[in-house]
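A short reminder: the numbers here are calculations on the coordinates, not readings from a lab. In this text, all values refer to a predicted model and were calculated from it rather than measured experimentally. Positions of Cβ are generated from backbone atoms using ideal geometry, with glycine treated the same way; all protein chains shown enter the neighbour counts.
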Amino acid sequence: ILRAQFAKAAQSYTTYISLSEQDIDNKSRFASVLYLNKEYDKALTIAEEVVQTNSKNANAWRVFAYTALETNDTEKGLNSMKRFFELIEKDKIIASDYENYGLLLLKNNQDSLAINQLLLSIETDSSKANLYETIAKIYDKKNDYYNTAMYYEKWINAKANPLASEYFTVGRAFYSFITSTTATQDTTIIKEYANKATEIFGKVAAMSPNSHLGPLFQARSNSVLDPQSLLGLAKPYYEKVVEILEQ
């Protein structure tokens with residue numbers, strides 16, 4: 001439905017522009033509508049016309065940057081985004097500006113700078129909380145399991161109705177952390193996050209009672225706390241795994 005609305009808007013703007021005076025602000029808005037309708041070549045053409053008349057039109061540079069992200073022209077996107085931020089008034093920056101800048105930086109392997117921009121996007125608009133998943137994946141790529149787990153937890157907490165598979169992703173992040181060399185030196189931390197992992201995998205088990213994965217990782221998380229099985233912490237969960245697999 002939204003795409004159809006953009007298409008209709010683009011058609012209406014085309015007619016309007018052809019009949020009206022060639023106002024720069026109108027052409028700049030037209031470039032934005034063309035971008036939203038995924039008519040990237042046309043959007044770039046109009047934005048270029050705007051910049052040739054007024055090189056300080058911030059919205060035209062926004063269109064350049066956004067379109068470059070969609071077409072994987074990272075260098076042009078970064079240069080355009082930097083120019084955009086030089087020109088735009090701070091109170092007119094929107095969450096998508098920070099988001100797209102972050103994604104451009106990420107494509108250019110500037111991970112730390114990308115994270116900063118993605119966090120600014122979420123801070124500007126809480127509905128962008130799904131970007132916590134992107135941030136978690138960046139840390140996961142770096143084998144920074146602590147921050148991977150922290151941002152996956154923020155991601156799941158922002159969801160209204162998380163899926164069992166999403167809880168499993170979060171639980172695995174905590175499990176990776178407690179079994180990493182980062183955590184093994186601090187028994188207090190291991191206990192705290194092993195319990196958290198067990199709790200999260202418990203939600204997986206409750207939501208997917210016919211799957212053995214929830215109790216299996218509950219068992220593994222408890223094995224971290226009781227590696228010699230002296231306390232039998234993992235035993236009831238392994239028994240549940242066997243019960244499910246036998247069925």
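Its Cα centre serving as origin, the chain has a Cβ charge dipole (Lys and Arg +1, Asp and Glu -1) of approximately 160 debye. When the charge dipole of the range 63-196 is built from unit charges on Cβ atoms (+1 for Lys and Arg, -1 for Asp and Glu) and taken about the Cα centre, the candidate among ALA173, ASN130, GLN117 whose Cα reaches farthest toward its positive end is ALA173. Working note: Karplus 6.51/-1.76/1.60 with θ = phi - 60° gives the range 67-73 the couplings 5, 4, 4, 5, 9, 6, 9 Hz, where Gly and Pro are set to x. Along the range 119-135 the Karplus relation, 6.51 cos²θ - 1.76 cosθ + 1.60 evaluated at θ = phi - 60°, assigns HN-Hα couplings of 5, 5, 4, 5, 5, 6, 8, 4, 5, 8, 4, 5, 5, 4, 5, 4, 5 Hz to successive residues, with x for each Gly and Pro.
Matching the structure-derived Rg and Dmax of the Cα atoms in Å against the labelled list (i) 19.9, 59; (ii) 24.6, 83; (iii) 21.0, 70 gives the label (ii). Karplus-based coupling profile of the range 102-110, in residue order and whole Hz: x, 5, 5, 4, 5, 5, 9, 6, 9, with θ = phi - 60° in 6.51 cos²θ - 1.76 cosθ + 1.60 and x standing for Gly or Pro. Straight Cα distances below 17 angstrom link LYS235 to the aspartates and glutamates GLU199, ASP226, GLU243, GLU246, with same-chain residues fewer than 8 positions distant left out. Measuring between alpha carbons in the structure, the pairs from LYS137/LYS191; LYS42/LYS137; LYS154/LYS240; LYS137/LYS203; LYS159/LYS240 lying more than 27 angstrom apart are LYS42/LYS137; LYS154/LYS240; LYS159/LYS240. Pairs of Cα atoms nearer than 8 Å and 6+ residues apart set the relative contact order; for the chain it is 8 percent.
Taking a ≥ b ≥ c as the square roots of the eigenvalues of the Cα gyration tensor, the range 160-247 is classed as oblate, since a/c reaches at least 1.5 and a/b does not exceed b/c. Highest mean packing comes first when the peptides 150-163, 25-38 are listed by Cβ atoms within 10 Å, giving 25-38, 150-163.
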